[in-house]
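Data block below; observations after.
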Amino acid sequence: MDCVFCRILKGELPARFVYEDEGFVAFHDIRPKAPVHVLVVPREHVEKLSDYPDSEEGERKLGALFNRANRVARLLGLSGYKLQVHVGEKGGQEVYHVHVHVMGSPG
Ligand code: AMP
């Protein structure tokens, strides 16, 4: 498996973790585009957001992903922030393992 986020999840590559639970991790983006720029990543390898099925299961997984993004933003003390998801080549996606960018400034 040469997915960079799977390698981070397995501990094969370093990352600056800010949050971990049974289903998700969050770590600092290696090339931050905001004073705080963290990626929220499910442990399950799914290539892109649009791969989640339009079903109860997909709804649950999407809900959990955005729930964690909110939780991480709260933990980091962000009162306002931007959530960004790149979907597919035309959406500017570089890493093909679902993730949400959480970007903001402390306070
Ligand atoms: P995108 O797929 O367009 O949502 O962007 C992927 C993001 O992952 C970019 O902002 C990269 O800077 C970030 N990234 C790539 N490799 C790493 C890494 N090893 N550790 C942390 N962030 C990374």
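The values are calculated or read from the model by the stated rules, or taken from the named source; none is laboratory data. Just so it is clear, the model here is predicted, and its values are computed rather than measured. Cβ sites come from the backbone with ideal geometry, for glycine too, and all protein chains shown count toward neighbours. Protein only, heavy atoms only, side chains kept; ligands, DNA and RNA dropped before computing areas. Shrake-Rupley method; radii C 1.70, N 1.55, O 1.52, S 1.80 Å.
Quick notes
- Each residue in region 80-102 was checked for being open to solvent by 50 Å² or more (accessible area, probe 1.4 Å), over 15 Å from residue 38 (Cα atoms) and either more than 7 Å from the ligand (Cβ to nearest atom) or assigned to a helix (DSSP H, G or I) (or both), and 4 of them qualify.
- In region 92-104, the residues that are touching a residue at least 60 places away in the same chain (Cβ under 8 Å) form Cβ pairs under 8 Å with partners that are within 9 Å of the ligand (Cβ to nearest atom) and polar (S, T, N, Q), at six or more places apart or across chains, as follows: 100/84; 101/84; 103/84.
- Condition met for residue 43 (within 12 Å of the ligand (Cβ to nearest atom), open to solvent by 50 Å² or more (accessible area, probe 1.4 Å) and at pLDDT 95 or above): no
- Cross-chain or 6+ apart pairs with Cβ under 7 Å, region 1-24 first and at positive phi, then of a type outside the set (Phe, Trp, Tyr): none
- Taken together, the residues in region 62-79 that are open to solvent by 40 Å² or more (accessible area, probe 1.4 Å) and of a type in the set (Lys, Arg) amount to 2.
To keep it simple, each residue is scored yes or no on (1) of a type in the set (A, V, I, L, M); (2) within 14 Å of the chain's Cα centre (by Cα).
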site: 7; (1), (2): no, no
site: 10; (1), (2): no, no
site: 14; (1), (2): no, no
site: 17; (1), (2): no, yes
site: 20; (1), (2): no, yes
site: 42; (1), (2): no, yes
site: 46; (1), (2): yes, yes
site: 66; (1), (2): no, yes
